[in-house]
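Read through the structure below, which is laid out as structure tokens, and then see the notes.
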Amino acid sequence: MSYFSMQKEKYKVYVVGEGQNDANSNGVKEKLQEFNIELLPPIDSFSITSPLKTWASTSKLRSYISQYKIDLVHILFATPHALWANYIKVPYIITTRGSDALVVLPSLLESGGIRGMYDKWLFSRFKKAFANAKINTATSIAQMGKLMELFHINNIEIIRTGVDVERIANAKDQTLLDPSLAGQKFIFSPRFMAPVYNIGVQIDAIALLPKEVLVNYIFVFIRGKQYNVDYYERMKSKLEGLKASLHFTYLIKDYLNQEDLWTYYNYASLTVMTPRSDGTPNSALEAMVAKCPLIMPDLPYDKAIFENTCFVWTGNEAKELAGLMEKALVSYPVQLLDTAYHRANEQGNRAIEMNKLEKLYS
């Protein structure tokens with residue numbers, strides 16, 4: 001959004017979320033204002049079982065469009081927000097980002113019984129929304145193919161989210177690192193401590209690393225602002241138990257803002273990601289721009305970006321992951337780093353991708 005909102009002479013950007021968001025309580029509203037983006041009061045979630053609330057939200061959405069003279073609506077995540085497209089009368093664009101197109105939408109055709117009837121009705125509403133969009137965008141070729149398969153539509157373009165290549169490459173202010181990392185080598189796990197990111201297997205892999213790695217590297221994790229308390233406490237307890245027996249050092253950051261995160265990539269000896277499912281992760285693109293050695297799982301990532309750019313963890317075993325981590329720390333190929341940087345710059349450069357989007361807006 002900020003790519004457009006900071007062009008103040010051309011655009012005015014408004015954003016609205018659904019009622020369960022906590023934008024007003026965690027500083028998001030103020031952050032948006034810094035980028036000249038106006039956060040409007042939220043609407044309730046779409047619900048067939050609460051028709052009065054849905055009707056009220058529809059009316060509120062239409063009033064925003066009228067009051068602020070909205071020319072174009074961009075739905076930034078397809079499920080469930082694309083459902084609102086059927087109730088507005090201005091041009092709109094729908095964007096998919098991964099699990100919405102690859103997991104949620106196909107799942108609507110899989111259930112049976114009363115639930116299946118409801119899901120199939122929802123699917124028909126999504127189909128109508130995608131069909132009537134001025135254009136749909138996807139962040140990967142896999143998503144594009146799935147939308148064509150599901151909805152038999154051709155009004156789709158690949159527009160990747162992209163990352164700020166120049167700013168990431170220059171994010172090297174060491175004072176933004178945690179003080180405990182000063183002068184230390186560290187291994188970075190940038191995905192939040194949640195079950196979908198499979199942090200447990202990373203901790204199991206730590207237990208299998210040789211002593212020289214445990215002694216010489218700090219293992220850095222990010223809890224995340226919103227987190228599964230039970231899972232987090234189990235992972236932390238697991239780390240504490242291993243620390244007592246293996247005598248290594250770990251650090252868990254509650255959260256890292258964008259500038260801090262980029263700095264960690266630039267100084268990490270290795271970035272490790274083990275999600276169970278994924279779209280086109282900016283976290284990987286950011287590590288690639290920072291020329292940080294990277295381990296990713298064997299998921300159906302966009303080959304145009306990620307093929308031959310990093311070490312690939314092919315299984316679900318901690319032993320294999322530990323072996324890859326050790327190998328990456330000892331002899332990570334420079335060619336992989338160079339290829340990764342050029343791919344991210346060519347295929348995941350925010351400025352290039354947003355320029356494509358601007359042409360669609362026009």
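A compact table of results
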| item | result |
| --- | --- |
| Whole-angstrom gap from region 293-319 to region 159-182, using each part's C-alpha centre | 22 |
| Highest-MSF residue in the chain out of Ala194, Ala287, Ala78 [GNM, Cα springs under 10 Å] | Ala194 |
| Helix-derived mean residue ellipticity, 222 nm - over the chain, DSSP H n ≥ 4, -39500 (n - 2.57), to 500 | -13000 deg cm²/dmol |
| Heavy-atom surface of region 270-362, accessible at 1.4 Å and reported per residue (Å²) | 45 |
| Fully extended contour minus Cα-Cα distance, from Asp173 to Glu240, at 0.36 nm per residue | 21.1 nm |
| Carbon plus sulfur fraction of accessible area for the chain, probe 1.4 Å, in percent | 53 |
| Dipole moment magnitude, nearest 20 debye, the chain about Cα centre, only Lys, Arg, Asp, Glu C-beta charged | 920 |
| Accessible area of region 1-122 divided out per residue, in Å², using a probe of 1.4 angstrom | 57 |
| Top of Leu83, Leu39, Leu147 by mean-square fluctuation, Gaussian network on the chain, Cα under 10 Å | Leu39 |
| Cα-based convex hull volume of region 239-281 per residue, rounded to whole Å³ | 128 |
| Cα-based Rg of region 121-232 normalised by 2.2 N^0.38 Å, two decimals | 1.61 |
| Entry for Cα extents along the principal axes in Å (calculated from the structure that is shown) out of [x] 58, 52, 50; [y] 52, 50, 42; [z] 63, 53, 38 | [z] |
| Dipole magnitude of region 268-311 about its Cα centre (Cβ charges: Lys, Arg +1; Asp, Glu -1), debye to nearest 20 | 80 |
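The values are calculated or read from the model by the stated rules, or taken from the named source; none is laboratory data. Fair warning: this is a prediction, and the values are worked out from it, not measured in the lab. Every residue, glycine among them, receives a Cβ derived from its backbone with ideal geometry; neighbour counts consider all protein chains shown. All accessible areas refer to the heavy atoms of the entire protein, side chains included, with ligands and DNA or RNA removed. Shrake-Rupley method; radii C 1.70, N 1.55, O 1.52, S 1.80 Å.
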